[in-house]
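See structure below.
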Amino acid sequence: NTQVLAGDGVAPNREGITVNSGIGTYAQVASEDPLVSVRKARTTAELSQFAPDAVVVNPVDWERIELSEDTAGQFRIIASVASGAAPRIWGLRVVVSTNITGSTAGVGNGGYFLLGGFREGATLWERSGIDFYLTDSHASTFTSNIITLLAEMRAALTVWRPLAFVYGQFADLA
């Protein structure tokens with residue numbers, strides 16, 4: 001997740017979508033509601049001739065969006081708490097991830113989002129599935145009763161259309 005979103009491209013890291021040159025950006029205006037920011041970022045993507053299909057937000061930001069109320073105290077986002085329906089906002093699928101961050105340093109506390117046409121704009125190529133290897137035959141691991149596990153996956157990310165993505169920032173949390 002972190003590599004796909006924000007990998008810095010320096011080996012062994014792949015270049016993530018948010019650091020790809022050519023993607024659109026959106027910075028929230030002070031005191032602008034996060035719902036409005038996401039909608040304006042959607043317009044930015046649409047003006048680039050690419051239909052967005054999802055938005056990635058941090059759990060902190062998604063909580064703020066879901067719990068935002070209008071002046072009458074009614075929630076702006078109506079979610080079916082009982083059924084656990086897939087979250088949507090402005091017609092976009094919402095992907096909640098702690099890996100959406102303002103830097104390549106790792107997990108962030110919110111303040112950023114990535115909106116885009118993921119199906120049209122990028123492809124994650126998997127050369128093989130996840131391979132698992134177990135061994136107890138390194139140094140003294142056999143006599144120490146230690147088993148070592150190696151898991152690896154060979155994959156690459158291609159961002160075909162950088163303009164299909166908009167990297168946004170919520171001013172009050174970033």
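Table for the structure above
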{"quantity": "Cα shape, segment 110-174, gyration tensor, a/c 1.5 rule", "calculated": "oblate"}
{"quantity": "Burial order of peptide ranges 63-72, 158-167 (average beta-carbon count within 10 Å, highest first)", "calculated": "158-167, 63-72"}
{"quantity": "Carbon + sulfur, % of accessible area of the chain - ligands and nucleic acids excluded, 1.4 Å", "calculated": "55"}
{"quantity": "DSSP-assigned coil residues among GluC sites (Glu not before Pro) in segment 1-62, each with at most 12 further Cβ atoms within 10 Å", "calculated": "none"}
{"quantity": "Ranking by accessible area, most exposed first, for LEU149, LEU114 with a 1.4 Å probe", "calculated": "LEU149, LEU114"}
{"quantity": "Largest to smallest accessible area among VAL96, VAL56 [probe 1.4 Å]", "calculated": "VAL96, VAL56"}
{"quantity": "Mean separation of Cα contacts under 8 Å, 6 or more apart, over the residue count of the chain: relative contact order %", "calculated": "31"}
{"quantity": "Simple Cβ-charge dipole of the chain, Lys/Arg +1 and Asp/Glu -1, about Cα centre, in debye nearest 20", "calculated": "380"}
{"quantity": "FRET efficiency, LEU134 to VAL96 (Cβ-Cβ, R0 45 Å, nearest 0.05)", "calculated": "0.85"}
{"quantity": "The chain - convex hull of the alpha-carbon atoms, volume per residue in Å³", "calculated": "167"}
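The values are calculated or read from the model by the stated rules, or taken from the named source; none is laboratory data. None of these values were measured; they are calculated from a predicted model. When we count neighbours, we look across all protein chains shown, and the Cβ atoms used for this are built from the backbone with ideal geometry, even at glycine. With ligands, DNA and RNA removed, areas are computed over all heavy atoms of the protein, side chains included. Shrake-Rupley method; radii C 1.70, N 1.55, O 1.52, S 1.80 Å.
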